[in-house]
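Values in this text are rule-based calculations from the coordinates and carry no lab data. Worth saying up front: this structure is predicted, and the values here are computed from it rather than measured. In this analysis, Cβ positions are derived from the backbone assuming ideal geometry, glycine residues included, and neighbour counts consider all displayed protein chains.
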Amino acid sequence: MNTFLLSALCLLGAWAALAGGVTVKDGEFSFPLESVKKLKALQEPRIPRNPSGSLVPILCSSPEFPEELKPLCKEPNAHEILERLEAIAEDPSTCEICAYAACAGC
């Protein structure tokens with residue numbers, strides 16, 4: 001009985017760790033990898049830049065823009081943060097195996 005209980009607790013702990021998923025950190029921000037992956041879909045087809053050259057207002061106003069990422073839209077360096085997140089979105093498998101220092105929860 002004790003072995004069964006120990007096995008069940010181990011499986012439950014492993015499931016809880018996996019359920020949390022991979023988290024991407026950028027400075028004070030932390031986002032689920034699944035939300036970051038959605039940025040790639042927003043970039044295809046390429047969104048034309050607005051006259052100021054920034055994609056931030058266009059991306060942030062998109063109805064498909066992930067809710068979890070919306071707080072970064074108010075940041076003065078939002079463009080830089082989005083560029084870093086887009087690099088991860090382009091190849092999320094490297095984040096899933098924790099090749100980026102910004103990724104945790106593997």
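So the values come out like this:
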quantity	calculated
Set of lysines near K37 by C-alpha distance (under 16 Å), chain-local residues within fewer than 8 positions excluded	K25, K70
Candidate aspartates and glutamates for bridging to K38, where Cα separation is under 19 Å - those fewer than 8 sequence places away on the same chain excluded	D26, E64, E67, E68, E80, E83, E86, E90, D91, E96
Computed FRET value (nearest 0.05) for E34 with K70, which takes r as the C-beta separation and R₀ as 22 Å	0.90
